[in-house]
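The block underneath contains the structure these notes are about, expressed in structure tokens.
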Amino acid sequence: MSFLIGDALAAAPAGQASLASFAPLLVIGVLFYFLIIRPQSKRVKDHRQLVENLTKGDEVVTNGGILGRITRADQDYLTIEVADGVEVHVQRQAVSTVLEKGTIKGL
């Protein structure tokens, strides 16, 4: 009577026992990929595309919650007008959302 190894597993041939022990790990790996890795890489790809398509005149929200209109777009930085005559310089990656035109005027 063994408490560590099941009777059926102990009686199985060596090839079948090793395959049966790796099956749960394989299932966990596949679930991990489809539930965590794949959605995260899709979000990163979508954000990268959003950042590349930013142009002058877009209304955006930064990660810090600042709303503004892009007045100048350089390769790495954006100048965002948050109020009349008030401009803020932010990195392109700091933009989290692009708003529809006219959203800021509606506030």
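How much FRET efficiency would the formula 1/(1 + (r/R0)^6) give for ARG43 and VAL88, where r is the Cβ-Cβ distance and R0 is 30 Å, rounded to 0.05?
Efficiency at R0 = 30 Å is approximately 0.75.
Output the Cα-based Rg and Dmax of region 55-99 in Å, rounding Rg to one decimal and Dmax to a whole number.
9.0, 24
Tell me which residues come under 5 Å, amide H to amide H, from ASP58 once H is placed; ignore anything under 5 positions away on its chain.
Result for ASP58 returns ILE70.
In nm, give the distance between the simple-model label positions of LEU107 and LEU19, each being 7 Å from the Cα along the Cα-to-Cβ direction.
With each label point 7 Å from Cα toward Cβ, the separation is 6.1 nm.
Based only on other Cβ atoms within 10 Å, what is the fewest-to-most ordering of THR103, THR62?
THR103, THR62
All of the numbers you see were taken from the coordinates with simple rules; none came from a lab. Everything numeric in this text was worked out from a predicted model, so none of it was measured. So basically every Cβ, Gly included, is an ideal-geometry build from the backbone, and we count neighbours across all protein chains shown.
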